[in-house]
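Trainee: Structure incoming, see below.
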Amino acid sequence: MAIRLYELKGAGECRFSPYCWRTRLALAHKGLEAELIPVRFTDKDIIAFSGQSRVPVLVDGETTVSDSWTIACYLEDTYADRPSLFGGDGGRSVSRILNAWMDKTQNPLIVRMIVLDIHNGIEEVDHDYFRTSREQRFGVALEDVQADRAERVENFRAGLEFLRDILAEQPFLSGATPAYADYIVFSAFQWARCMSRFELLMADDPLHQWRDRMLDLFDGLAAKAAIAAG
């Protein structure tokens with residue numbers, strides 16, 4: 001039975017969730033194909049079988065797994081004969097730290113710079129849900145959340161300096177070749193790339209050059225992704 005991946009859908013064919021992109025890239029790394037099933041914000045019933053309400057959800061035969069980190073560990077352990085996502089237990093532990101850092105510090109910074117763009121890049125049927133839920137979260141209108149992003153992005157860029165230090169010594173965060181640590185970080189930039197024209201990275205930034213290398217992976221899997229941003 002084919003693997004199925006339920007992932008967040010924007011307008012048209014756009015798939016933009018950073019967590020779903022982590023799983024997409026993990027599957028490609030493992031050389032596994034999956035049937036991709038789109039889920040809008042208001043399509044919670046589609047994934048109710050998983051016992052929770054968030055994507056990604058991966059179904060592999062009789063096994064259902066949710067949460068991008070849990071899915072990555074499942075793929076690593078279940079398909080141990082295929083290329084490793086972590087390069088061993090040490091790599092898994094380091095990747096988990098990076099996973100938590102992105103989830104708790106960087107993704108919250110990014111969403112505040114693109115949240116209105118996300119709203120504008122999803123289907124109209126999702127607009128009321130998205131605006132209401134996010135304005136309750138932030139306590140202000142979406143327009144106000146990202147209003148001063150041009151000033152805030154400088155601090156965001158400065159906070160990534162240690163990643164540039166790593167890339168000064170090697171082409172990928174994981175070393176000579178990419179692995180799950182790269183997918184964790186890259187997927188946040190892919191999220192922004194799919195939904196916003198606002199540039200998180202300067203063109204001469206080594207992270208921008210690394211991002212371009214990531215876009216080319218797996219026959220341009222991420223580069224070919226549909227873009228909602230006009």
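Trainee: Name the single residue that is surrounded by the fewest Cβ atoms within 10 Å (Cβ to Cβ) among those in segment 133-187 being under 29 Å from A28 (Cα atoms) and basic (K, R).
Mentor: Selected residue: R164.
Trainee: Give me the pairs, please: first residue somewhere in segment 117-135 and in contact (Cβ under 8 Å) with a residue 60 or more places away in the chain, second residue anywhere and of a type in the set (V, I, T), beta-carbon distance under 7 Å, and either six or more positions apart or on two chains.
Mentor: Note: pairs meeting the criteria are V125/T42; D126/T42; Y129/T42; F130/I122.
Trainee: Just give me the residues in segment 49-103 being surrounded by 19 or more Cβ atoms within 10 Å (Cβ to Cβ) and β-branched (V, I, T), in sequence order.
Mentor: V55, V57, V59, V65, I71
Trainee: Just to check your reading of the model, which residue among A11, A26 is surrounded by fewer than 20 Cβ atoms within 10 Å (Cβ to Cβ) and in contact (Cβ under 8 Å) with a residue 24 or more places away in the chain? Outline the logic, then answer.
Mentor: Numbers: A26 fails: surrounded by fewer than 20 Cβ atoms within 10 Å (Cβ to Cβ).
Answer to the check: A11.
Trainee: Condition (residue is among the β-branched types (V, I, T), assigned to a helix (DSSP H, G or I) and at negative phi) applied to segment 167-180: is it met by at least one residue? Before the answer, list the steps.
Mentor: Filtering segment 167-180 down to residues among the β-branched types (V, I, T) leaves 177.
The next check asks that each one be assigned to a helix (DSSP H, G or I); those that pass are none.
Looking for residues that are among the β-branched types (V, I, T), assigned to a helix (DSSP H, G or I) and at negative phi, one finds none in segment 167-180, hence no.
Trainee: Out of everything in segment 102-150 that is farther than 19 Å from W191 by Cα and of a type in the set (V, I, T), what residue ends up being farthest from the chain's Cα centre (by Cα)?
Mentor: Looking at residues that are farther than 19 Å from W191 by Cα and of a type in the set (V, I, T), I get V140.
Trainee: Would you please list the contacts, defined by Cβ atoms under 6 Å and residues six or more apart or on different chains, that run from a residue in segment 152-174 that is within 23 Å of F86 (Cα to Cα) to a residue that is charged (D, E, K, R)?
Mentor: Note: pairs meeting the criteria are F172/D182; L173/D182; S174/D182.
Trainee: Okay, moving on. Specify which of the listed residues (A225, A150) is under 25 Å from W69 (Cβ atoms) and among the small types (G, A, S). I'd like the intermediate steps shown before the answer.
Mentor: Values: A150 fails: under 25 Å from W69 (Cβ atoms).
Answer to the selection: A225.
Trainee: Looking at the structure I just gave you, is D81 acidic (D, E) and within 30 Å of S196 (Cβ to Cβ)?
Mentor: Details: acidic (D, E): yes; within 30 Å of S196 (Cβ to Cβ): no.
Judged against the criteria, D81 is not a match.
Throughout, read-outs are computed from the coordinates displayed, never taken from laboratory work. Please read all numbers here as calculations on a predicted model, not as lab measurements. Positions of Cβ are generated from backbone atoms using ideal geometry, with glycine treated the same way; all protein chains shown enter the neighbour counts.
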